[in-house]
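Notes follow the structure.
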Amino acid sequence: MPKVDGDAIRKVNVMTPRLQKLKKEWEDAPPQVYVDGTLLFTESWKETEGLPLDVRWAKAFEKRMLEGPVTIREDELIVGSLTKFIRGNGTLCAMKPREILAMCETGRFDRKSSDIDATYIDPEDLRKLTEDAKYWVENMPQRNFVRDAISAEMGEDHFDLMFDRGMVFEGRAVREVVDRGIFENWGAFGGGNCMPTKPAIDNGLNYIIKLAENEIEKCMALGFQQPGLPENALRKYHLLQACIISCKAVIANAKRYADLAREQAVSCPDMARKAELLKIAEVCENVPANPPRNFWEAVQSLRFLHLAPWIESSERPEVGVGRIDQILYPYYEKDMLKGDITRQDAAEMIGALWLKIRETENLVTVKREHRAAPGTLLPDVTLGGTDVNGNCLINEVSWLTLEVMRQTLLSEPAIYIRYHENIDEDFMVFALECNKDFGGGNPAFLGDKLGTQRYLDRGVPIWDAVNWNASGCLGYHLDIAEHQGGFYSLNQAKIFELTLWNGFDNRTGKQLGLKTGDVTKMKSVDEIIEAFFKQEDYFCEILRKHYFIWWSVEQQHSPMSGLRCAMLYEDCIPAGMNSREGGARYPICRASWIGDRGITDIADCLAAIQRLVFDTKKVAMAELLEAMKANWEGHEKLRLMCLNTPKYGNDEDMPDEFFTKIMLGTQEIMQSRPDPFTGEKPMLFKGAASGHTTQGKSVGALPNGRYQWTPVNDAATSAMPGMDVNGPTALINSATRDFSLASASCGFTHNMKFSKQLLDTPEKIKNLANLIKIYFQRGGWHIQFNIHSAEELKEAQKDPMKYKNLLVRVGGYSAYFVDLPRDLQDEIVERTMHAM
Amino acid sequence: MTEPKGIVFNIQRYTLDDGPGTRCTVFLKGCPLRCTWCSNPESQHPWPEVTHRDTFCEKCLSCMEVCELKAISVDESGIYIDRELCTDCGACVEVCPSTALQFQGEAMSVDEVFRVIKKDIHYYRNSGGGVTVSGGEALMQPEFVEALFAMCHEAGIGTCLDTSGYGNTLGLEKILQHTDLVYYDVKHLDPAVHAKYTGQSNALILHNLELVVNSGTPVVIRIPFIPGINDSDDDVAAIAGKMSEIARTAQIHLLPYHRYGMGKYKTLDRDYEMGDTERPSDESLNRAQNIFESYGFDCEIRK
C-alpha cells in the first residue's frame, strides 16, 4: 500500500457549502412519521394472499421500491432516501402492529429515537396508520406460533416466572422487551445482518439475477437434487424467485432516481447543477445493476445496497456498512491515477454518503430505556485489517473516512478500526486525534488478530477469515459465515441477587431460583460463589430450551430472505437456502450467542462481602441483607462502607480475582451447553450498549453499594463509574488479567474515559497509542475512549461521588477535579468547552 | 542493612507530564522548601497527615465522636481540624465511612513501591517511559530513592528524578548513579528573593546543579513561572545567563503558575498565600521563552 500523505488528508474540506447546507437542513428538519411505506406493504400483502412467504415479502418490497416516493434534495450528490421527509421515521406495521397501535391510540409519538424527542404525525396519516396497525393485529398469521410452542413444551408457568409481563409477540418475531428480569431477548434480528457485500457491489445485481435464473433453469432441467424433504426443492425455487424479485426491485428503484434526476435537470436553471443532475442520472442508470465504473458509482451503489435492507424491513435494528475502505479503494485508486477525481472530490462524496446514512431512522415504539441500543441504529463502519500475510490494509480511503467523521461531527456511523501490530503508526496518531476532536468514543478499536482467530477456530480458512467486520455493539460479523443464530442474554446481577436471597425474588415475591442455601450461614465467599454458579446453571438450562424452541419455530415463519440471498449469492443461490437456514459458506459459525452482564457488579459485591463480613468482620451478613432490603434507607453509613471497599478495575488482586473467577465460571457454564442446532459452543456476548439500564430495573440493592433498580455496570470490563481510581493502565491490567477472557466472548467491550488533557500533545497521543497496543497484546477485543465533555464535568460538580477518579494533572502535580474549589472547577469546564 | 522505608503520599500511574513516555510517578512526602506557590502542600511535612475532602463528608459525625482530643469539628461548611490539637493519630480516618478523611503519607518499603511500579512495566518499555520520583523533595529520603532506582534499573525500567535540588549532595551523587534523567527546578537567582519565597537560599541548589550537569546525566531545567516573583525580563535573563554558564546543554521547561493546589490547603486547614494571582499570560510566557532561546536554549512552555 503506498504511503498516505496524512497532511494532505488533514487539509481536505469535507464540509463544503453543499454539505453544510444539507447537514443544516437535516438538523432543522422536524422528525416525521412516514406511513406510505407500511400502507404499500399492506396493499401488496393483500394482493399476494396464498403465495409463499418469501415471495410475498419480496413482492411487498418490490411494490415499495416501484411506488414509494423518490426524492433528490437540492444539491445532493449521493441519493437514496428511506422516506419522502428529510427526517422521516420509516415503519412497518407488519413488524410490530400492537406497539404501533398503542402509539396511535394514545396519540403519543414522543418516544425517543436516536436523538429525536418527539416525532410529528399528520392527522390523516395517523388515521391511516391506525387502520393499518389494526389490520395487522388481526391478520398476523404466525403471531402465536412461538408462544404456543414454548408453553406446550415448558408450561404456562415459564412465562410467569421468567418474564414480568410475559412475552410480547409481535409480527414475525418475538419481542420480550418490558421489565426484563432474568432473561433478555434481543432476538428480533430477523436472522442476522443483511448488509451490502463487496461482491454484490463489484459485480452488480444483474449478474446476481442471471445467476439465480440460471440456477432455476439448471434445476428444472437436471432436477433440484435438494437434500432433505421434497418440499425443500420448492423452497429453493421460491427463494430464488424472491431473490430475483428483490434485485429487480432495487434496480428499478435506482432507475426511478435516474428518471427524477433527468426531470429535474430539464428545469434546472443553474448549468453546473444541471450537469450534476445528468451525472446522477447516468450513475443511477448504471448501479447497482452493473459493476461501478468509477468512485462516484461505487459510493452510490453502496448507498443503494445499504438502504435496501432498511426499506425491505424497516424495523431491523442494525445494518452494518462494512469494510468501506476495502470496498471503495480500488475505485478510488483508479480514478485518482487517471486524474478523474481529487482527494477533495472523494472526501465530499464520502461526506455525502455519511449524511445519507445518518438520515435513516425508524419509528421507535418502545421507550428509550427499554431499547437494547438507544441512540444508535448501528450502521457500523470498519476500517483497516490485515490480508492473509498480515499486511496492513489501511489505505487512503481509510484516512479520508476518518477525516469525514471528524468534520461532519455526526453521532453516526460509528467507526471501528481493526488494530494489529503492523498498523500504520501515523494512521493511529491520526485516529486518536480524530477521537479527541470528536469526543464521543469514535473511532473505537478492535483486536484484528482475535477477530480473525475466532473464525479460524471454527474452521474458516484464512483467506475468508480475515474478511470480518464490526457489527452491532460490539461484535464481529463475517457475512459468508452467518453466525447470529439467536441472541439471548442472562442477567447475572439478578441471578446474584437471587443467590443472596436463597432463590427468592423480593421484587415479585416469588421463588424464581433454586434454593441454594442461606447465605448468612455460609462460612466463606467461595460458598456464595458456588451457590451462584448453581443458580446460573439452572437458568442456563431453561434458557437453552427456550431458545431452542423459539428459534426453530421463529425461523420457519421468518420470510425475509430474498435480499439476503442476493447479497450472499455465491453461496445461498447454489445452496437454495438463506444464510440462516444453513446456506452460508460456513454454516458452522451459526452458533447462538448468549449475553451476560453485571459481572463487574458481582465482583465488587463479593469484594465487599469478603472485606466487611469475613475479613474485618465489621458487618454481619444478615445486617447487610437487611440494608439491601431497605434499599440502604437508614443504613447510609453501611452503604458508604460498602462503596469504599476495594473495587474491580484498580489492578488489585482481591476484587480482580473475583472478577476473573466469575467471568470464567460463567463462560464454562454457558459453553457447557452446545448450540442445539450446530453443536458448537455458543458465543458469549457482552454488548456495549445500554442493556445495563434495562437489566438494572429488576435488580434490587446490592452489596457493592448500588441502589435498587439503578443500572448495572455497562460494557464488559469497565469499572463501576468513578471507582477506577488507579488510572488507565490499572484498569487495562484488571480487564486483561486473564489473557484468555476475551477469546471466548464477543462484544468484550472496554470503555475508558479521558480528560482532554491526556491527549493535548502529540507525545501524549503516542502514549495513548501505546496503551492500545498493550491492551491488545494482553488479549483485549474492543477499546474506546470517551473524552470528558464540559457537561460531564458539570455533572461531576453535582455528583462528586460518581466522579471520584477524575484527575487534574499537570507536571509534578495531581489532584482530583471534585476537590478543586468551585471557581477553579468552573475554569476547567470553561476551557473544556472552548477546546471543543 | 535494614531496608529503607519511604514516606509516600501518592503513586500515580500513567503519568505523561513527568518525563518521556508513559510513566509512574512516586510522590515522596517531606520538603525543606516552603514555596508560596506550592501546589502540593500535603507533600511538605515529612510525617503522615490527616486531610479532609469536604465534598464527600456525609456529616455522620463519627470522626467527632472518636477524636479523644476534640480536635475535629464538623458543620455545614465542612470539616475543620484544629492542627494545634491534632496529633495525626488517624482514629478519625479509620471510622470515616465516606473516605472524606484520609491519611496523606504512608511508610512504604522499596519492595512495596516497586510492586506497584512493576505492574505497568510493559507500558514503560513500549513508550520509552519509566519511573519518576517527585515530591515533596526526593532528596530528603536519599537512601530510599537510591534503592528504588537501583531496583528499577535492574528490571530495565528508566528513572527520572524530579527535584528542587535542595538536599544532601552526597545522597544526590549516589542517586545519580541510577538516574537516567533529572528534572531540576530553578526558581530564582537572587539568594535573598529565593529565601523570601521558598524559605531557603539558592546556593546549595546551584551547587548541586553543577554536580548533576558534570555527572553527565541528561537534565531538564524546570522553571515555575510565577507572576510577580520571577516573571520579569531581568529575572528570566538572570536565570538564562546562569544556566548558559553551568547547564549549557540542558533543555528548559517553563511551568506556568496554576492555582490547582488551592483546594488542598483547605483540606489541611491552611491558608493559601498566593491570593488571586492569575495564570501568567501567554504573552509573558512567550517573552520568557524568547529570552531563553536568545541564549541558545531549547525552551518549551509546558501545559
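The table below lists the values:
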item	result
Separation in nanometres of the label points that stand 7 Å from Cα toward Cβ, at B:E68 and B:D82	1.7
Cβ-derived FRET efficiency at R0 22 Å, A:A102 paired with A:R73, nearest 0.05	0.10
Computed magnitude of the charge dipole of the protein assembly as shown (debye, nearest 20; Cβ of K, R +1, Cβ of D, E -1)	2040
Sites A:D259 and B:I121, calculated FRET efficiency, Cβ-Cβ separation with R0 56 Å, nearest 0.05	0.25
Amide hydrogen neighbours beyond the local backbone of A:Q511, cut-off 5 Å, H modeled	A:D505
Centroid-to-centroid separation of segment B:155-199 and segment A:409-473 [C-alpha atoms, Å]	45
Minimum 50 Å² accessible area buried by the other protein chains, segment A:747-780 residues, probe 1.4 Å, relative to alone	A:K764, A:N767, A:N770, A:I774
Sulfur and carbon atoms: percent of accessible area, chain A [1.4 Å]	52
Cβ-based charge dipole, the protein assembly as shown, positive-most Cα from B:G261, A:Q32, A:A735	A:Q32
Antiparallel bridge percentage (DSSP; both residues within chain B; nearest 5)	40
Förster-model FRET efficiency, 22 Å R0, B:A107 and B:Q177, C-beta, rounded to 0.05	0.35
Length released on extending from A:D157 to A:E421, taking residue separation times 0.36 nm less the Cα-Cα span	89.8 nm
Rounded to 10°, Cα long-axis angle of helix B:233-246 versus longest principal axis of chain B	70
Long-range amide H partners of A:Y120 with built H, under 5 Å	A:Q32, A:V33
Selection from A:T660, A:P676, A:T645, by position along the positive dipole direction of segment A:644-694 (Cβ)	A:P676
Shielding of A:725-738 by partner chains, average beta-carbon count, 10 Å	3
Inter-label distance, nm, simple model (7 Å from Cα along the C-beta direction), A:D518/A:E217	8.0
Neighbouring partner chain Cβ atoms per residue of B:119-128, average, 10 Å criterion	6
Cα gyration tensor shape of the protein assembly as shown, rounded if a/c is under 1.5, else prolate or oblate by comparing a/b with b/c	prolate
Derived scalar couplings ³J(HN,Hα) [segment B:38-49; Karplus, 6.51 cos²θ - 1.76 cosθ + 1.60; whole Hz; x for Gly, Pro]	3, 9, 10, x, 5, 8, 6, 6, x, 9, x, 10
Portion, in percent, of the accessible area of segment B:49-102 that falls on carbon or sulfur, probe 1.4 Å	52
Fraction of accessible area attributable to carbon and sulfur, segment B:161-217 (%, probe 1.4 Å)	52
Largest-first principal axis extents, alpha carbons of segment A:664-740, Å	42, 32, 22
Cα→Cβ-extended label distance, 7 Å offset, between A:K84 and A:K629, nm	6.2
Summed buried accessible area for B+A [probe radius 1.4 Å, Å², rounded to 100]	3900
Listing of segment B:97-115 residues, each with accessible area lower by at least 10 Å² in the full protein assembly than in the chain alone (probe 1.4 Å)	B:P97, B:S98, B:T99
Radius of gyration and maximum dimension Dmax of segment B:49-102, Cα, Å	9.6, 25
Per-residue SASA entry for B:E94, accessible area with 1.4 Å probe, Å² rounded to 10	130
Segments B:20-29, A:762-771, A:777-786 sorted - mean Cβ within 10 Å per residue, highest first	B:20-29, A:777-786, A:762-771
Gain in span if fully extended, A:N232 to A:M271, counting 0.36 nm per residue against the direct Cα distance	8.4 nm
Residues along segment B:1-46 losing 40 Å² or more of accessible surface when the other protein chains are present rather than the chain by itself (probe 1.4 Å)	B:Q12, B:R13, B:Y14, B:L16, B:D17
Heavy-atom surface of the protein assembly as shown, accessible at 1.4 Å and reported per residue (Å²)	36
Within the protein assembly as shown, percent of DSSP bridges classed antiparallel, to nearest 5	40
Under 17 Å from the A:M336 label point (7 Å along Cα→beta-carbon), backbone N, segment A:426-463	A:426-428, A:430-431
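The values are calculated or read from the model by the stated rules, or taken from the named source; none is laboratory data. These numbers were taken from a predicted model, which means no experiment stands behind them. Neighbour counts are summed over all protein chains in view; Cβ atoms, including those assigned to glycine, are modelled from backbone coordinates with ideal geometry. Calculation scope for accessible area: heavy atoms of the full protein, side chains included, ligands and nucleic acids excluded. Shrake-Rupley method; radii C 1.70, N 1.55, O 1.52, S 1.80 Å.
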